[in-house]
1. Which of the peptides 128-134, 72-78 is most tightly packed, and how do the rest follow, going by the mean number of other Cβ atoms within 10 Å of each residue?
2. Among M733, M249, M464, M436, which comes first, second and so on when ranked by fewest other beta-carbon atoms within 10 Å?
3. Working out 0.36 nm times the residue gap between S412 and T462, then minus their Cα-Cα distance, what length gain in nm do you get to one decimal?
4. Quote the Stokes-Einstein diffusion coefficient, in whole µm² s⁻¹, for the chain, based on the Kirkwood radius over alpha carbon pairs, a temperature of 10 °C and a viscosity of 1.306 mPa s.
5. Could you list E417, E551, E431 so that the one with the fewest beta carbons within 10 Å of its beta carbon is first and the one with the most is last?
6. Over 29 Å between Cα atoms: which of K506/K760; K459/K735; K404/K755; K668/K765; K659/K765 fall into that group?
7. What is the mean projected area of the alpha carbon convex hull for the stretch 575-704, to one decimal in square nanometres?
8. Going through the stretch 595-650, which trypsin sites (Lys or Arg not before Pro) have at most 15 other Cβ atoms within 10 Å and a DSSP loop state?
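Read-outs: derived from the displayed coordinates by stated rules, not from any lab. Here the structure is a predicted model, which means the values were calculated and not measured. Counting neighbours? That spans all protein chains shown, and the Cβs are built from the backbone with ideal geometry, glycine included.
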Amino acid sequence: MELTENILKCAIFDDGSFLLEAAFNLGITDASENEEVTFAGSVIKTSPGDLIEAENAICKLLESNILGIFGPTSKPTLNYVQTIADYLELPQIITDPVTTQNRNWSAVNLYPNHMAYSKVFANIIEMKGWTDFTIIYEGAELLPFFDNILNIEDLDSKEHIVINVVQLPSGDDFRSQLKVIKASGSVNYVIGCSRETLPILLQQAQQVGIMSDDHSYIIMNPDFQTLDIDPYKHGGSNITGIRFFDPTMEDIQKFISAINEKAKELSENQIETAIEGNSLNFNLALVYDAVMLYTSAIKAMGLEEGGNITCESDETWSFGSSVVNYIRTMELDGLTGLIKFDEDGLRSEFEVDVLEVQSHGFEKVGAWTFDGFTEMRKSIPPVEQEGSDSMKGKHFIVLTALSKPYGMLKESPKKLEGNDRYEGFGIEIIEELAKMNEFNFTFEIQEDGVYGSYDAKAKKWTGMMEKVMDGRADFAITDLTITSQRQRAVDFTSPFMNLGITILYKKPTKEPPNLFSFISPFSYQVWGWLAGAYVGVSVLLFFLGRFAPEEWQNPYPCIAEPETLDNQFTLANSFWFTLGSVLTQGSEIAPIAVSTRMAGSMWWFFTLIMVSSYTANLAAFLTVESKFYAIKSISDLASNPYNIEYGAKSGGATFTFFKESDNLLYQKMYKYMEDHPELMTQTNDIGLDWVKDETKNYAFLMESTSIEYMVERNCDVAQVGGLLDSKGYGIAMKKNSPYRQPMSESILQMQEQGKITRMKDKWWKEKRGGGACADDDASSAEAQPLVLANVGGVFIVLVAGSAMAVVCAFFEMMVDVWIIARREKVSFREELIAELKFIFSFSGDVKPVRHRESTGSGSKGSKKENMLDEEESQKNGDLEPAPTPHSERSSHSRHTSHSRRQSNAKQLTIMKRYSRD
Ligand code: GLU
């Protein structure tokens, strides 16, 4: 018997694509092939959820003498069409996860029954031994699919099983629900959601940080194997799901290429390839299976034509319920495995493979049949085999704090999600480390900004340290200082930055003009040395004057053989000479001897340099505004003459430094901070605000790198004093973590390549208002008093010159004594002793001439004898004394001392007489 093509199976699809239609048509074609019975399909597409359209479609299909109805797929229309089909007793074939079936109705649902379906997952959960898990589901219609899961009992241990149930909200942002789940501490999740929602949910779970080694997932969607698992396969979390068919099987591959052909045909070549690789979904295979099952039943029942019924008539199709009942007794090996119905007409006996996500892809780890779960092998994740220190492909929770510039919220007009929300120096370091070590990460923020210290009373760590120790975070990065105390609790990588504690305070204020600012160009030390040099050189000149024979001059050039010689370098004159030159005024005293000239010129050179330096620096002091520094160092702050309040970040490394220090000064400061908890801050930013606050007089103890960042942007604050210690920032992780070595190595590599320096320059000097105070700093250069180091060289030249002058004076004296001794035929020794005696007798500035009959300044015999000689020569009218070397030199000398003249009264008398004659 040959059935004609006017026997129709009809379908209504409202999924909006060609694929269901293609699968349906493919089923019709395959059912008709090589058979004496051929079928024809008629498809009407309606808008999803449109009941009127669906009703019109069914009435239209009824006109064609149909055998049954397939679809539709959206729940409201499906239920509506089901009511109509039931009324008309027209078989309706369903392939969707709906549960509203009744064995009297005309519906045959090929989708596995919810009780059996939930049993699959209940068995998997039991196999995994979960006693505490969270069910995450998308829509209420899926709830029946959790029936057996919700009724799991732990028979072995009689332990209470804790099950949390969380429904996902509509829309596509589930992060807040996921955060709540994370906060609950649950680490095992059963997920029931649509295929469309699944990747979004998993991605957000990763962002929220519940996709690490500690987390396990069971995915209930039958299309689990079509998921792109690349983002999750290295993440470390265990992800399990099921499949109804193996996409690599030959018949599935054939089906995929056939359906692609059909879809191409239907879309008029708009679709090249509709299904690729493993992306064949369960529903398409089910539609095909449904067509095959139904056509087999029709063929087996030998039905020639469909029910001649219409929407208008009250008639029902008399064979309808027989077809339905027949189908329910059938068994078929379809694409989706064994198709068999239980006595309630439900598809409960099916088989599935249990899959797990591994780093190489999906792996079948077991199989489920109605009799239970058979485990095929205990999988060992390849990542573990690689060595536990390998970070490749793993996912880590990185804890950071919103502390500028280490971690900051990105400024963007768009709403940012996940890791994209953050930027900063620490964030960039982690991004770079992730690239180098090929790991995935999710940032989590330490909202309260507490980095962590040991609370001795509560006997536990706080803040970020606690989270790292508990394993709630894998790494912590921020301006987290490596301290010995912390190092005992966690591991740190090599430091990525070095710093020390110092003070942040307001920039110094303008100092009121100082009446005595002329003192400022030289430091007190230099003034002291200057005074010393003045006294020293003056006294030296006095000595040199006595030593140098040239300095003993005939006071009256007209007297050829004076009885005495004068010396201009009395002590007073020496001081006057040096003072005159240092004040650039001169003094009418001119040195004559080489030695005194040498000493004099050294002094002039010295004064030239000193006076010019003074003038130059005075100009700087008068033009540059001088500043008032309330504190210049940590000791100023500790002694605190201006009542400056101060504090540090509470629980931070700076505070701990003062607490642990045995230095008395720091202990005093620690006591102060402990007594003033209100001056301690939660973050560095608050510290900065308090320092800037005009109503407060507050200094903030903090770390130099953070101060550097702040003074680049806040021109009214500055670092005060040097660094109190030297330490570094590191990335914290659990004690004995296998990741310390690779992370430290990568940090060192980054340092060697100069990457960290570049990052620092970028975040400190360029981004977010960096460099705002650069000009300010240049203009704030201050005049500094010259210290000995600036002018010490001139003092050295002066000392050297003076020493040479002393040698020279001694030499001059010796030569003179030697000449006189030879000329006067006296012993050199006697003459030298006589000369030295005179020099060191300090008997005034008049020197009696010892050998008057001869020239030279040497003396022989007593002053009395010399005077007698003088008188004799007067009597002889010897009024024209022969010129002596001294009298010739006298033109050089300018006498200023009256006393000397008075002491030479005798010579005066001679002169008067000489002029009278
Ligand atoms: N870097 C410090 C720490 O790790 C916080 C800032 C401070 O104490 O100055 O605790």
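1. Details: 128-134: 16.7, 72-78: 21.4.
Top of the packing list down: 72-78, 128-134.
2. Numbers: M733 24, M249 11, M464 28, M436 16.
Ascending Cβ contact count within 10 Å gives the list M249, M436, M733, M464.
3. Values: separation 50, 0.36 × 50 = 18.00 nm, distance 3.26 nm.
Using 0.36 nm per residue and subtracting the Cα-Cα distance, I get 14.7 nm.
4. 41
5. E417, E431, E551
6. Too far apart for the 29 Å limit: K668/K765; K659/K765.
7. Over all viewing directions, the stretch 575-704 projects a mean Cα-hull area of 13.8 nm².
8. K632
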